[in-house]
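To keep things clear, I will list the structure first and then write my remarks on it.
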Amino acid sequence: MHLVGGLWVAGFAYRAAALIGAALIIVAFGVVGHSASRGLLTSVTVLLHVTTAAWWFGGLWVLLFASWRPLSDLAPLVTRFSRQAVWIIGVLLTVAPATAVLLLEFRFDPALAYQQGLLTKIGLTAVLLTLAGFNKLILMPRLVAGNGSRIWLRSTIAAEILLFAGVMGTTAYLVTYRSPHDAADAAHVHPDEIAVSGPICIVQPWAPAMPGGARTGAGYMVIVNNQPVADRLVAASSPWAEHVSLHASINDGNIARMRELAALRVPAGGRTTMKPGVYHLMFTGLYAPFVAGDVVPLTLVFERAGKVAVTLNVRPIGGYVDDHNH
């Protein structure tokens, strides 16, 4: 969706139709990554967060370029922006903390890297709000009254844009290399914990963390078939990846290779183990790399049992065999 939206914006630049591409880009933030793993409410708060932040950031650029125009053009634009900003920033300051609280599940530990990143964003945002307040309460009234302050306004707007860049850079680092969940959470999953009940039970679903920039990932679990007849895993999907496929690891001489499977059989009243070196789910085209502590939503499709929702716990790298050599 990010790619399609970006291409759409580029193709319809400077036209109203470009707003469709912008909407696709914004919606994509709410359907992939950490936000999607925490349900609809978090997706909605993320969408509102991104939308209001985009309005603020875009508005600053408009004001910066307009600051070189005649005062008769600049003053009405400044007044309009100031009025809208009160409501937009109010929404932003409501949904931003709500998003953080939902992602952290009402827990906060300043010793963790993700929470430290949030504190950095809070500090940058506090300075940003201070400058915004200075502009609205002091510089903009003087400008509208014709008392100058154009150079000061231009400088503070440029400073706000730089602070915004710092906030966005911190956010990009957090969503790519850090997780909003304590990395120790996944390590405490009991080996016999049942993640899903019913005809098909999934025991200890997990995935190894991937290095930053990785476009592939793997998923493992034990599939327990409680049905009196055999079943087959025939498909899988996840909002974290463009495609999820089933693979078996085979030895070709002394070389370990992967072979894609159309289905994986689970015997009646038995179980099939997906583990490194045997079977695994391959995630290709990851929207964000797996980070230790993440929880990755996954939908499995069985021939008889139908769809089964699973959550993979991402564990730290180390102690697991990497079988992703083709």
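Below is a table of values for the structure above.
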item	result
Additional length obtainable on full extension of the chain from ILE161 to ALA113, 0.36 nm per residue less Cα span	14.8 nm
12 Å beta-carbon shell around GLN116, net charge (K/R +1, D/E -1)	+1
Around ALA305: net Lys/Arg minus Asp/Glu count, Cβ-Cβ under 15 Å	+3
Radius of gyration, Dmax [segment 32-177; alpha carbons; angstrom]	17.0, 52
Per-residue HN-Hα couplings for segment 123-139 [Karplus 6.51, -1.76, 1.60; θ = phi - 60°; Hz; x = Gly/Pro]	x, 5, 5, 4, 5, 4, 5, 4, 5, 4, x, 4, 4, 5, 8, 10, 6
Cα-based radius of gyration of segment 186-315 once divided by 2.2 N^0.38 Å, which approximates compact folds	1.02
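Read-outs throughout are calculated quantities, based only on the coordinates presented, and are distinct from any laboratory measurement. Everything quoted here is computed from the prediction, not taken from an experiment. Note: ideal-geometry Cβ built from the backbone for every residue, glycine included; neighbour counts use all protein chains shown.
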